[in-house]
């Protein structure tokens with residue numbers, strides 16, 4: 001995520017940030033249930049399955065970060081997202097991703 005940000009590949013940086021949190025939350029699901037995590041990309045839903053009690057603000061962040069998953073999006077959506085990913089926007093969301101990453105690791 002950071003390497004992509006430093007390379008000025010902002011949209012991919014945020015996509016990887018989404019993956020970072022998704023994998024952590026899925027690890028929490030596996031730890032709790034001892035079963036394979038569901039095939040979800042929605043971070044808020046995964047946090048509920050993992051029984052992690054994020055604050056309302058952090059749940060809002062998770063909802064926004066879930067939109068950074070570009071895998072199956074239409075080209076027009078990808079282009080609009082690419083334009084939104086300015087250095088300032090991306091840096092702000094990377095900081096939020098780091099906060100959520102640290103909090104999740106602490107709870108696991």
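Read-outs throughout are calculated quantities, based only on the coordinates presented, and are distinct from any laboratory measurement. Everything numeric in this text was worked out from a predicted model, so none of it was measured. Virtual Cβ from ideal backbone geometry, glycine too; neighbours counted across all protein chains shown.
Using the number of other C-beta atoms within 10 angstrom as an exposure proxy, rank 63, 75 with the fewest first.
75, 63
Can you put 19, 99 in order of Cβ neighbours within 10 angstrom, beginning with the fewest? Mind showing how you got there, number by number?
Working: 19 15, 99 12.
The most exposed by this proxy come first: 99, 19.
Give the angle, between 0 and 90 degrees and rounded to the nearest 10, that separates the Cα long axis of helix 75-84 from the longest principal axis of the Cα atoms of the chain.
The answer is roughly 80 degrees.
Would you list 39, 74 from fewest to most Cβ contacts within 10 Å?
With the sparsest Cβ surroundings first, the list reads 39, 74.
How much length would be gained if the chain were fully extended between residue 88 and residue 23, taking 0.36 nm per residue of separation minus their Cα-Cα distance, in nm to one decimal?
20.9 nm
Given a 10 angstrom Cα cut-off, can you work out which residue in 36, 18, 58 is the most mobile in a GNM of the chain?
Most flexible of the set in this elastic network: 36.
Starting from 0.36 nm per residue, how many nanometres of slack lie between residue 35 and residue 64 once their C-alpha separation is accounted for?
7.7 nm
Would you mind calculating the gained length between residue 77 and residue 6 on full extension (0.36 nm times residue separation, minus the Cα-Cα distance), in nm to one decimal?
23.2 nm
Return the Rg/Rh ratio of the chain with Cα-based radii and a Kirkwood Rh.
0.98
Could you work out the relative contact order of the chain? I mean the mean sequence separation of Cα pairs under 8 Å and 6+ apart, divided by the number of residues, in percent.
Reported as a whole number, the value is 37 percent.
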